[in-house]
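Read-outs throughout are calculated quantities, based only on the coordinates presented, and are distinct from any laboratory measurement. Keep in mind the model is a prediction, meaning the values are calculated, not measured. With ideal geometry, Cβ positions are generated from the backbone for all residues, glycine too; neighbour counts draw on all protein chains shown.
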Amino acid sequence: MILIATAWAQAPKPATPEVHVDATMNQLMQGIVFPNSNVIFATQTENPADVKTASKPAIATDPLTSVFGKWQAVENSALAIAESANLLMLPGRKCANGVDVPLKNADWAEFVKEMRSAGLASYKAAQAKNLEQIVASTDGLAQSCQNCHQKYRDVRGAENRCR
């Protein structure tokens, strides 16, 4: 019995995977945040339950018409927005102009927190398949985007983003 406990205590610890930052802020926004936000924003004009499935749903490029379409696409997109908040806080990410993402700025952390909260509110509404709630959640999502864009993207020009 003592040998088992000793052998267990000496067992090697599993390796922690390295974290890599491969995309710029712009690429992250264009590849994850923008398209997934649009799935949520689409609920403002179209009920996900009424979206017709694509003729080849396994290769559909529109998440709403894919194998995991309709309300499930909205749920998945909302979670992608919430999870993207983690990606926005990884050290080493650069803006398209080569400037570090302003991780140390208090307002940056607040903007990221707002985005996560907006994604989770959209997720909750999508789980309930409640059109009124999901449309209401788009206000929070749009506001979280606007807050960050006004400070770090729109008013400064491309050369000064993230400063």
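Rounded to the nearest 20 debye, what is the charge dipole size of segment 1-137 about its Cα centre when +1 sits on each Lys and Arg Cβ and -1 on each Asp and Glu Cβ?
240 debye
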How about LYS56: which lysines have a C-alpha closer than 21 Å to its C-alpha, ignoring those fewer than 8 places off in the same chain? LYS70
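Could you list the GluC sites (Glu not before Pro) in segment 105-143 that lie in coil according to DSSP, counting only those with at most 10 other Cβ atoms within 10 Å of their Cβ?
On the way: sites: GLU110, GLU114, GLU132; in loops: none.
Those that pass, being in a loop and sparsely packed, number zero.
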Among THR16, VAL51, ALA125, the residue whose Cα sits farthest towards the positive end of the charge dipole of the chain (+1 at Cβ of Lys and Arg, -1 at Cβ of Asp and Glu, taken about the Cα centre) is THR16
Relative contact order of segment 22-160, pairs being alpha-carbon contacts under 8 Å that are 6 or more residues apart, as %: 26 percent
Candidate lysines - alpha carbon under 24 Å from LYS151, same-chain residues fewer than 8 apart omitted: LYS94, LYS104, LYS113
Of GLN30, ALA142, PHE111, farthest towards positive along the dipole that unit charges on Lys, Arg, Asp, Glu beta carbons give segment 22-160: GLN30
Using a 4.7 Å Cβ cut-off, which Cys residues in the chain lack a partner cysteine? CYS145, CYS148
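At 0.36 nm per residue, minus the direct Cα-Cα distance, what do VAL21 and VAL99 gain on full extension? Give it in nm, one decimal, please. Mind showing how you got there, number by number?
On the way: separation 78, 0.36 × 78 = 28.08 nm, distance 1.40 nm.
Extra length from VAL21 to VAL99 when fully extended: 26.7 nm.
Run through segment 133-162 and list the trypsin sites (Lys or Arg not before Pro) located in a DSSP loop whose Cβ has at most 10 other Cβ atoms within 10 Å.
Numbers: sites: LYS151, ARG153, ARG156, ARG161; in loops: ARG153, ARG156, ARG161.
Hits after loop and neighbour filter: nothing returned.
Taking 2.2 N^0.38 Å as the expected size of a compact globular protein, what ratio does the Cα radius of gyration of the chain give against it, to two decimals?
1.31
For the pair THR45 and LYS151, what calculated FRET efficiency results from E = 1/(1 + (r/R0)^6), where r is the Cβ-Cβ distance and R0 = 25 Å, to the nearest 0.05?
Details: r = 29 Å, r/R0 = 1.16.
The calculated FRET efficiency here is 0.30.
With r defined as the distance between the Cβ atoms of LYS129 and LYS56 and R0 fixed at 30 Å, what FRET efficiency is calculated, to the nearest 0.05? Numbers along the way, then the final one.
On the way: r = 25 Å, r/R0 = 0.84.
So the FRET efficiency works out to roughly 0.75.
In whole angstrom, how long is each semi-axis of the equivalent ellipsoid of segment 105-163, when you take the square root of 5 times every eigenvalue of its Cα gyration tensor and sort them from largest down?
Working: eigenvalues 153, 25, 8 Å².
Here the semi-axes work out to 28, 11, 7 Å.
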